[in-house]
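The values are calculated or read from the model by the stated rules, or taken from the named source; none is laboratory data. Keep in mind it's a predicted model, so treat the numbers as computed, not measured. Cβ: placed from backbone, ideal geometry, glycine included. Neighbour counts: every protein chain shown. What goes into the accessible areas is simple: the full protein's heavy atoms, side chains included, and nothing from ligands, DNA or RNA. Shrake-Rupley method; radii C 1.70, N 1.55, O 1.52, S 1.80 Å.
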Amino acid sequence: AKSWFTDRQQLQKQMETEPMYGEYKGKNVLVVQAEAFQQFVIGQSIGGEEITPNLNELIGQSVYFPNFYHQTAQGRTSDADFATSCSMHPLPTGSVFIRFAGNEFDCAPSILKSVGYDATVHHAYDGSFWNRNNMYHNMNYDQFYTIKDYTIDEPVGWSLGDPSFFRQTIEQLKDRGKSPFYAMSITLSSHHPFKLPYNDQELKIGDLQGTILGDYVQAAHYVDSAVGELVADLKEEGLWDNTILMFYGDHDNSVYDWSLYEKLFGKPVSDIDKDRLVRKVPFFIHLPNDEHAGVVDKAVGQMDTTPTIMHLLGIPTDNRYLMGVSMLSAAPKDVVFRNGGFTDGKVYFVPSGDGIVSNGTCYDVSEVGAETKTDSSACAAGAESAKKDLSVSDRVIEHNLIPTFKEDDR
Ligand code: GP9
């Protein structure tokens, strides 16, 4: 496993000579992890209205990754947090947050604290859910703001509505008065089963009225307006110009009734589109002054987020144990899914059963809109390498190997 990381660290080193390395050194970083927020709502309209007008506008001013995938498994929201913050794969069963909260990892908050950042995490729910109290302590956050730190002035679903959640989060950051800061904010209003108070259901959803996808679309629209208010708030507080804002969806919405999606899109959903629909979540980085706005087509995943943050801030990762690679680097790397599937942007592998290549389906996805099944040999090497990545990650987590690797490095 150590030699696997030595190779990965070589790949990560490439970013140090690439554009944008260190260009945002010392800037604040605000990360929004949005509950069950999938990519298909971006740019999509219903009843003549955009589902996500604020995000659509913000994406136009940001570095946008349309081929970003979540990499979660049974640990759902906690898996998204782990893959994103600690740049390793979640486990095949259970949640790392619950099963291995005492292990050593190289997660974003501890790396950033080592260069002087104030690191906080904000989530308006019970601190013991997903064992966050213990895991966040281990991840070295300076403070975890839980439901106890929020006033429930706009109750929605499990807890507080996202607009108030963001407002109070910015207040908390202001009260700390620390700079630079790294803040992770985890939303909740769009949690399954997505039922919003009647007055918050603003879209005319026609045929989808009374369906779970209809409720989901309303919830996504609600989150979108919360993000719009967040941006306005950051501007008002004078934080917008010195803060990098990152936004991503944590996992899919568990709605697999394809006839509902077909109603929404007004066209059939193919098999490859079903798999991609479930795995794609939005991801964008807003940089101060709308710099570098544009679309990056590279296939990337949650595990690549922490290396990307380090790329922008100019913090080397070749002495760290991270499995991802900066999304802004030209270094090639596949996106590996927990089920053994993967994509490199040219082929896309959907395993069946245990992920043995001969049983799975290999798609040629190099031409957008003209995806076709192709010979499984085109995915064979990638599927082998995906299996290897997953087993390295599992071994490192299950045997807490990072301290041993670091001992060796000394
Ligand atoms: C609760 C929230 C939901 O704190 O993060 O987690 P999920 O049920 O989506 O995994």
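Examine the stretch 259-282 for a residue that is among the basic types (Lys, Arg) and part of a strand (DSSP E or B), and state whether such a residue exists. Checked the stretch 259-282: at least one residue is among the basic types (Lys, Arg) and part of a strand (DSSP E or B). If you check GLN218, GLN172 for being of a type outside the set (Phe, Trp, Tyr), surrounded by fewer than 18 Cβ atoms within 10 Å (Cβ to Cβ), modelled with pLDDT of 95 or more and in a helix (DSSP H, G or I), only one passes: GLN172. For the residues PRO155, PRO163, PRO180, the requirement of being more than 12 Å from the ligand (Cβ to nearest atom), under 21 Å from the mean Cα position of the chain (by Cα) and open to solvent by 10 Å² or more (accessible area, probe 1.4 Å) singles out PRO163. All of LEU196, LEU188 fail the test of being touching a helix residue (DSSP H, G or I) at 6+ places or on another chain (Cβ under 8 Å), modelled with pLDDT of 95 or more, away from the ligand (no atom under 16 Å from the Cβ) and closer than 15 Å to PHE37 by Cβ, apart from LEU196. Do any residues in the stretch 127-140 that are β-branched (Val, Ile, Thr) have Cβ atoms under 9 Å from those of residues that are more than 12 Å from the ligand (Cβ to nearest atom) and modelled with pLDDT under 95, where the two are at least six apart or on different chains, and which pairs are they? Close Cβ pairs (under 9 Å, with a partner that is more than 12 Å from the ligand (Cβ to nearest atom) and modelled with pLDDT under 95) do not exist here.
Rundown of residues vs (1) surrounded by 14 or more Cβ atoms within 10 Å (Cβ to Cβ); (2) in contact with a helix residue (DSSP H, G or I) (Cβ under 9 Å, 6 or more places away or on another chain); (3) of a type in the set (Phe, Trp, Tyr); (4) farther than 16 Å from CYS107 by Cα, yes/no style:
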| position | (1), (2), (3), (4) |
| --- | --- |
| MET303 | yes, yes, no, no |
| MET310 | yes, yes, no, no |
| PHE349 | yes, yes, yes, yes |
| SER352 | no, yes, no, yes |
| LYS388 | no, yes, no, yes |
| PRO403 | no, no, no, no |
| ARG410 | no, no, no, yes |
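Can you find, within the stretch 228-251, the residue that is farthest from the ligand (Cβ to nearest atom) among those that are assigned to a loop (DSSP other than H, G, I, E, B) and surrounded by 14 or more Cβ atoms within 10 Å (Cβ to Cβ)? Residue satisfying both the conditions and the ranking: LEU239. Screening GLU104 against (1) within 16 Å of the ligand (Cβ to nearest atom); (2) under 26 Å from LYS333 (Cβ atoms); (3) of a type in the set (Asp, Glu) leaves a single unmet condition, (1). Residues being away from the ligand (no atom under 16 Å from the Cβ) and part of a loop (DSSP other than H, G, I, E, B): count how many of those fall in the stretch 26-82. Total meeting the criteria: 14.
Filtering the stretch 128-139 to residues that are away from the ligand (no atom under 12 Å from the Cβ) and either surrounded by fewer than 24 Cβ atoms within 10 Å (Cβ to Cβ) or of a type in the set (S, T, N, Q) (or both) leaves ASN134, HIS137, ASN138. Residue count for the stretch 85-101 satisfying the condition of being in a loop (DSSP other than H, G, I, E, B), without any contact (Cβ under 8 Å) to a residue 40 or more places away in the chain and closer than 20 Å to ASN140 by Cβ: 2. Tallying residues that are open to solvent by 10 Å² or more (accessible area, probe 1.4 Å) and either closer than 13 Å to SER78 by Cβ or in a loop (DSSP other than H, G, I, E, B) (or both) within the stretch 102-117 yields 8.
Would you confirm whether or not the stretch 118-127 contains a residue that is open to solvent by 20 Å² or more (accessible area, probe 1.4 Å), small (Gly, Ala, Ser), out of contact with any Pro (no Cβ under 7 Å at 6 or more places or on another chain) and not in a helix (DSSP H, G or I)? Within the stretch 118-127 (the criterion being open to solvent by 20 Å² or more (accessible area, probe 1.4 Å), small (Gly, Ala, Ser), out of contact with any Pro (no Cβ under 7 Å at 6 or more places or on another chain) and not in a helix (DSSP H, G or I)), the answer is no, since none of the residues qualifies.
Yes or no, residue by residue, for (1) closer than 19 Å to ASP304 by Cα; (2) β-branched (Val, Ile, Thr); (3) in contact (Cβ under 8 Å) with a residue 12 or more places away in the chain; (4) surrounded by 18 or more Cβ atoms within 10 Å (Cβ to Cβ):
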{"site": "GLN10", "(1), (2), (3), (4)": "yes, no, yes, no"}
{"site": "LYS13", "(1), (2), (3), (4)": "yes, no, yes, no"}
{"site": "VAL31", "(1), (2), (3), (4)": "yes, yes, yes, yes"}
{"site": "VAL41", "(1), (2), (3), (4)": "no, yes, yes, yes"}
{"site": "GLY75", "(1), (2), (3), (4)": "yes, no, yes, yes"}
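Does at least one position in the stretch 201-215 carry a residue that is within 16 Å of the ligand (Cβ to nearest atom), surrounded by fewer than 16 Cβ atoms within 10 Å (Cβ to Cβ), part of a loop (DSSP other than H, G, I, E, B) and modelled with pLDDT of 95 or more? Within the stretch 201-215, not a single residue is within 16 Å of the ligand (Cβ to nearest atom), surrounded by fewer than 16 Cβ atoms within 10 Å (Cβ to Cβ), part of a loop (DSSP other than H, G, I, E, B) and modelled with pLDDT of 95 or more.
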